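A.B. asks: Quick one: this structure, given as structure tokens, is what I'll be asking you about.
The values are calculated or read from the model by the stated rules, or taken from the named source; none is laboratory data. Source: prediction; values computed, not measured. Backbone-built Cβ (ideal geometry, glycine too); neighbour counts: all protein chains shown.
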Amino acid sequence: MELLKGKVAIVTGAARGIGRSVAQLYAEAGAKVAVSDLEKEGGEETVEQIKAAGGEAFFVQADAGKAEDNEQLVKATVERYGALHIACNNAGIGGPQAPVGETPIDGWDNVIRVNLSGPFYGMRYQIPAMLEAGGGVIINMASILGQVGFEGAAGYVAAKHGLLGLTRNAALEYSAQGIRTLAVGPAFIKTPLLTENLSEEQLGQLQQLHPIGRLGESKEVAELVLWLSSDKASFMSGAYVPVDGGYLSR
């Protein structure tokens, strides 16, 4: 079933991991997809994989933490496909690992720039385009750390908490105009962002925090994002939906 047939979507941070899985499922569901990332090689590879599977996509290199790049991404998408109906603001970084009193200022600034200002910049330009199209859906990729703290990750935690507030505010302002905004909260997912920066021992420790007994897979998050982006979730707006293997039940 093509849940997104006739729709046009943007996915940021789509060069790998969760973003790539979301872009692939959007395309499989019938959407035309603007694949965006700062990493050109991975982004173009995502487009190639989508096209090889029979989908339609193109790549736009962009820094999600820059307002002008988000503006150009939306403009390029509308010029290419004629409208914008769906956006998954997925791009994010981990940030420095340090207690609050030792967190580098530049590290804090950068993680807030990408993880909180980035989705705001995206929405700032996505919303007018969606209003022109008669409505749409915005999925902001939050985290379980949008609900709870985590030692050594002050910037990331603060950004993801702020992203939930931004998502809810937009829902209050635009739901009646046909734009649904939602936040998805993954727990620890086996993405390059995680596996390339942690040892096997650290990954094992994280796995134990999930009652389900394992880390999540990118496609498991993408399946939820796809459903929320479709008309199957037409009465949902402003919600935070975790996909966490039971992490938040502790």
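A.B. asks: Gly155 passes all but one of (1) touching a Phe, Trp or Tyr at 6+ places or on another chain (Cβ under 6 Å); (2) closer than 17 Å to Gly19 by Cβ; which number fails?
C.D. replies: The failed condition is (2).
A.B. asks: Let me ask something additional. What number of residues within segment 71-116 satisfy the criterion of being out of contact with any helix residue (DSSP H, G or I) (no Cβ under 6 Å at 6 or more places or on another chain) and in a helix (DSSP H, G or I)?
C.D. replies: Summing the residues that are out of contact with any helix residue (DSSP H, G or I) (no Cβ under 6 Å at 6 or more places or on another chain) and in a helix (DSSP H, G or I) in segment 71-116 gives 17.
A.B. asks: Under 7 Å by Cβ, and 6 or more places apart or on different chains, what pairs join a residue from segment 217-237 that is on the phi < 0 side of the Ramachandran plot with one that is in a loop (DSSP other than H, G, I, E, B) and among the small types (Gly, Ala, Ser)?
C.D. replies: Qualifying pairs under 7 Å: Leu226/Ala29.
A.B. asks: Out of all the residues in segment 78-102, which are polar (S, T, N, Q) and either over 18 Å from Lys160 (Cα atoms) or surrounded by fewer than 19 Cβ atoms within 10 Å (Cβ to Cβ) (or both)? First the steps, then the outcome.
C.D. replies: To start, the set of residues in segment 78-102 that are polar (S, T, N, Q) comprises 89-90, 97.
The answer is Gln97, and nothing else.
A.B. asks: To continue, here is another question. Give Ile86, Ile93, Ile18, Ile10 a once-over and let me know the one that is in contact with a Lys or Arg (Cβ under 8 Å, 6 or more places away or on another chain), touching a residue at least 12 places away in the same chain (Cβ under 8 Å) and within 14 Å of Met141 (Cβ to Cβ).
C.D. replies: Ile86
Yes/no per residue for (1) over 17 Å from the mean Cα position of the chain (by Cα); (2) surrounded by fewer than 24 Cβ atoms within 10 Å (Cβ to Cβ):
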| position | (1), (2) |
| --- | --- |
| Gly19 | no, no |
| Gln24 | no, no |
| Ala29 | yes, yes |
| Lys40 | yes, yes |
| Ala52 | yes, yes |
| Gln61 | no, yes |
| Asp69 | no, yes |
| Lys75 | yes, yes |
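A.B. asks: I'd like the full set of residues that are touching a Lys or Arg at 6+ places or on another chain (Cβ under 7 Å) and of a type in the set (A, V, I, L, M), limited to segment 139-152.
C.D. replies: Here is the first cut: in segment 139-152, the residues touching a Lys or Arg at 6+ places or on another chain (Cβ under 7 Å) are 142-143, 145-146.
Correct list: Ala142, Leu145.
A.B. asks: State yes or no: is Ala98 touching a Pro at 6+ places or on another chain (Cβ under 8 Å) and among the aliphatic types (A, V, I, L, M)? Don't jump to the end; show me each part of the working.
C.D. replies: Numbers: touching a Pro at 6+ places or on another chain (Cβ under 8 Å): yes; among the aliphatic types (A, V, I, L, M): yes.
Here the answer is yes, as Ala98 does meet what is asked.
A.B. asks: Moving on to the next point. Name the pairs: first residue in segment 165-182 and at positive phi and surrounded by fewer than 17 Cβ atoms within 10 Å (Cβ to Cβ), second residue modelled with pLDDT under 95 and not in a strand (DSSP E or B), Cβ to Cβ under 6 Å, at least 6 apart or on different chains?
C.D. replies: none
A.B. asks: Can you tell me which residue within segment 199-222, out of those that are of a type in the set (S, T, N, Q) and part of a helix (DSSP H, G or I), is surrounded by the most Cβ atoms within 10 Å (Cβ to Cβ)? It would help to see each step written out before you state the result.
C.D. replies: First pass over segment 199-222, keeping only residues of a type in the set (S, T, N, Q): 199, 202, 205, 207-208, 218.
With the extra rule that they be part of a helix (DSSP H, G or I), the set shrinks to 202, 205, 207, 218.
Numbers: Gln202: 11, Gln205: 11, Gln207: 15, Ser218: 20.
Here the residue is Ser218.
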